[in-house]
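In what follows, a structure is listed as structure tokens, so that the remarks can point back to it.
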Amino acid sequence: MDRLSKRHGRILEILGREGTVTIAELAGRLEVSAETVRRDVRPLADRGTLVRMHGAVGLAGSAGEAPFQRRMGENATAKQRIARSAAALVRNGDSLALDTGTTTSFLARALTRHERLEIVTNSTDIARTLAGRNGNRVHLLGGRFGADSGALLGPDTVEAMQKFRVDHAVISAGAISSDGVMDYDPDEAAFARAVLASGRRRVVVCDSSKFCRSALVRVCPLAGIEILVTEVAPVEALAAALAEAKVAVTIAQARPAAAE
């Protein structure tokens, strides 16, 4: 029972720091099986301390309430894999621009051990995750605040983004197909374009559920990005379009399962 109590404390410590974490990520950090983590979180969820969301958990009151937080739980294991792979592209001391999105929020969590990063973002979630860690500096851009996503958007945000030049411009995507990278919100798409324009390296992080789908607004053609980081190889038609546009595809590897 003592060991279980210590593990409960560790789970709450991780969630208190990072908000929402997948079961697989907790299993890896605690060096136990995913099934053990599920057993551990069950009584905490029953007491209302935690909220369970499609393969992830978060602290009650901060997770599972807003639509953005619910989306953090969708395909969370894939997003964790993508985030770790994208984080491996970043070196200590690099500068990054990150747009708002669940996968870029997971990337921020994967960057918490990096040092001396300069981060430009419109996401309050990303800013909270990385500010004050290991000498990191966060530039949170102003604009109209969206209560759902915790993002700042609008013309002022785009104009502020245009003043920066960064090593890595990283955006999420609502959809990606041979027509290009797309999003559902015109303001988010406009900001994503500004992010890409700021970067020496232009990266899209998105899971395979977005493949061969269409969304309202095109952010850019496929040739407007250099790297796509995802968790499975794109289907043949999309793979051919990416190859023609000279986009490098990085397939994120799964972390080996931990044994109890």
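The values are calculated or read from the model by the stated rules, or taken from the named source; none is laboratory data. What you see is a predicted model; the values in this text were computed from it and never measured. For neighbour counting, all protein chains shown are included, and Cβ atoms are generated from backbone atoms with ideal geometry for every residue, glycine included.
At a glance:
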| read-out | value |
| --- | --- |
| Pair list, Cβ < 9 Å and 6+ apart or interchain, from the stretch 9-38 residues that are at positive phi to residues that are part of a loop (DSSP other than H, G, I, E, B) and surrounded by fewer than 17 Cβ atoms within 10 Å (Cβ to Cβ) | G19/S62; E31/A259; E31/E260 |
| S123 vs. criteria farther than 28 Å from V21 by Cβ, polar (S, T, N, Q) and touching a strand residue (DSSP E or B) at 6+ places or on another chain (Cβ under 7 Å) | no |
| Among the candidates S177, S149, S105, residue that is farther than 18 Å from R84 by Cβ and surrounded by 23 or more Cβ atoms within 10 Å (Cβ to Cβ) | S149 |
| A88 being free of Cβ contacts under 8 Å to residues at least 24 places away in the same chain and either assigned by TED's automatic domain parsing to the domain that holds A175 or buried (at least 20 other Cβ atoms within 10 Å of the Cβ) (or both) | yes |
| Hey, A160 outside the structural domain of I14 (by TED's automatic domain parsing), surrounded by fewer than 24 Cβ atoms within 10 Å (Cβ to Cβ) and free of Cβ contacts under 8 Å to residues at least 12 places away in the same chain or not | no |
| Top-ranked residue in the stretch 181-238 [being in contact (Cβ under 8 Å) with a residue 60 or more places away in the chain and polar (S, T, N, Q); ranked as surrounded by the fewest Cβ atoms within 10 Å (Cβ to Cβ)] | S209 |
| Any hit, the stretch 239-251, residues being modelled with pLDDT under 95, under 30 Å from S33 (Cα atoms) and either surrounded by 15 or more Cβ atoms within 10 Å (Cβ to Cβ) or not aliphatic (A, V, I, L, M) (or both) | no |
